[in-house]
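Peer 1: Submitted below is the structure of interest, expressed as structure tokens.
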Ligand SMILES: Nc1ncnc2c1ncn2[C@@H]1O[C@H](COP(=O)(O)OP(=O)(O)OP(=O)(O)O)[C@@H](O)[C@H]1O
Ligand SMILES: [Mg+2]
């Protein structure tokens, strides 16, 4: 066996196999080069979905005539000057591979005029060999034409799919880059016909409007979260705006659309309780962080990245989405039919003259549900599983609701509404309890005293040797008082709970007051619970952030059971 050094042309062809998989890869590399060159407008023209021609023209800073031949060589780049630059990459390209790879497997021309130059230079050739060189009058910027991609790599050529499939792949690529760079103008044509048009936008939402329609953009929820030097900002769909696939979940890291399975899972996890299994959200999130905290040099297509602290980014993303999704009014309101009779009953039954605002507010809060089941979001209650989950169904879905968490959410919102009108009713203890607490627990209780007392607890003797419990919220009068305080200390000592807030104390009270798992319920009790849940602002998460509902779509069930109707 003889070992031989491979000729350059063959080396380039092999390397090209990794970087350029299909026309969309060439589109991606060329558009990235345009963006790195500071282009304000990028035009992509395709023929046969890119198999016959990919042409990318930009108005960026261009390449000087002296440097143009070098740009086509492997390992030639203007983007890395020193070793350490590789540790903090701020451009989309950095390896000096893309142009060489594209030229190695096509018939190409590259035309460029640098900003300072009077005219441009065009290099042309095929299979990586330059055979023509021409001075040409042209605008400042760069145009790369790639004809007959893979003409000299028949194995790869065979794997090209139908022109429409290749076109969609290119459109997906450009869409993602256009979302990552909203202020740049993008235009794609195929066979001379416009396939994508995105004028320079003022911001991301405008860009989403141009790409995904204005009516969709209007419905999206703003997402914004800054922590640990990382910023997550973008737009996410409410649960009633969905797609059948994951294509419209776009995650951008420092201007680069990335494929990161863990971040994708984080997005799906944030939506899980809100969507049936076969529906997906629309999400565009731009993650911005110090370039040194993310390694982009991990995959030939540069679509994968590695974070220095992946968990931090994943958790931030989930909480950023949760914050957006839990905003009041996000989840679609109940159908008009369900509410109409209630309104009619109230206005007929309560003369306006002697019913104060407080009284009618209270009545609305605890009103008996009027025909809530037909138009209800969770449909008809069927029964209980394992004395813990309530099963309900609509035409389209089956829901499993965790009864404890359902009740927690209901109590939480009812009590919060009551609090807005004043302190909660309190039950004085017949025999005040002296609490035996360690110093840490005493300090914690003192910190939380104010919110706990607003909820109906009454303490005495802070600063002395022992704290005395004089009253508990009426809602919790069935609980053993001492155990109640121990429970509060335990839960509020959780390191994730930082500053004392009324909502956090309230979440504790709601949890204690709520019906427990493994408790048999009568059908009417379950119906009442689910009807109450539907009137809450956030029927999908408990006050601690745990999901309330698991859902299965009938569509999935039919498919699995091979039912044709
Ligand atoms: N559209 C363009 N406008 C201006 N300069 C360009 C353009 N395209 C390429 N260049 C120049 O040519 C060089 C080589 O481009 P190429 O895409 O091969 O490598 P790269 O972008 O540096 O790295 P990568 O292989 O990761 O894309 C670039 O570093 C840049 O200086
Ligand atoms: Mg490049």
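Read-outs throughout are calculated quantities, based only on the coordinates presented, and are distinct from any laboratory measurement. Bear in mind that the values here come from a model prediction, so they are computed numbers and not experimental data. Cβ: placed from backbone, ideal geometry, glycine included. Neighbour counts: every protein chain shown.
Peer 1: So, in Å, what gap is there between the alpha-carbon centers of the range 437-489 and the range 149-210?
Peer 2: 62 Å
Peer 1: By count of other Cβ within 10 Å, fewest leading, how are 82, 181, 225, 544 ordered?
Peer 2: On the way: 82 7, 181 24, 225 20, 544 17.
Fewest-to-most ranking of 82, 181, 225, 544: 82, 544, 225, 181.
Peer 1: Further question on the same structure: Computed FRET efficiency, Cβ-Cβ of residue 446 and residue 537, R0 41 Å: what is it to the nearest 0.05? Before the final figure, lay out each step's value.
Peer 2: Numbers: r = 32 Å, r/R0 = 0.78.
About 0.80, to the nearest 0.05.
Peer 1: Among 171, 157, which comes first, second and so on when ranked by fewest other beta-carbon atoms within 10 Å?
Peer 2: Values: 171 21, 157 14.
Fewest-to-most ranking of 171, 157: 157, 171.
Peer 1: Kindly state, to the nearest 0.05, the FRET efficiency for residue 502 paired with residue 189, given R0 = 56 Å and r defined as their beta-carbon distance.
Peer 2: Numbers: r = 58 Å, r/R0 = 1.03.
After rounding to 0.05, the efficiency reads 0.45.
Peer 1: Using Cβ counts within 10 Å as a stand-in for footprinting exposure, how do 272, 308, 563 rank, fewest first?
Peer 2: Details: 272 15, 308 12, 563 9.
Ascending number of Cβ neighbours within 10 Å: 563, 308, 272.
Peer 1: Could I ask something else about it? Sorted by mean Cβ packing within 10 Å, highest first, what order do the peptides 40-51, 210-221 take? Write out the running numbers ahead of the final one.
Peer 2: On the way: 40-51: 21.2, 210-221: 16.0.
Ranking, from highest mean packing down: 40-51, 210-221.
Peer 1: With angles folded into 0 to 90 degrees, how steeply does helix 163-180 sit against the dominant principal axis of the chain? Use alpha carbons for both and round to 10.
Peer 2: 60 degrees
Peer 1: Let me ask another. What 222 nm value per residue comes from the helices of the chain, counting each DSSP H run with n ≥ 4 as -39,500 (n - 2.57) and dividing by all residues, nearest 500 deg cm²/dmol? Before the final figure, lay out each step's value.
Peer 2: Values: 19 runs with 202 residues, N = 565.
My calculation for the chain gives -10500 deg cm²/dmol from helical runs alone.
Peer 1: Just grab the label-to-label distance for residue 158 and residue 243, each label 7 Å out from Cα along the Cβ direction, in nm (one decimal).
Peer 2: 3.3 nm
Peer 1: Starting from the 7 Å offset along Cα-to-Cβ, what nm value, one decimal, do you get for the label separation of residue 564 and residue 87?
Peer 2: 6.5 nm
Peer 1: While we're here: Would you calculate the separation in nanometres between label points at residue 421 and residue 308, each defined as 7 Å from the Cα along the Cα-to-beta-carbon direction?
Peer 2: Computed distance between label sites residue 421 and residue 308 equals 5.4 nm.
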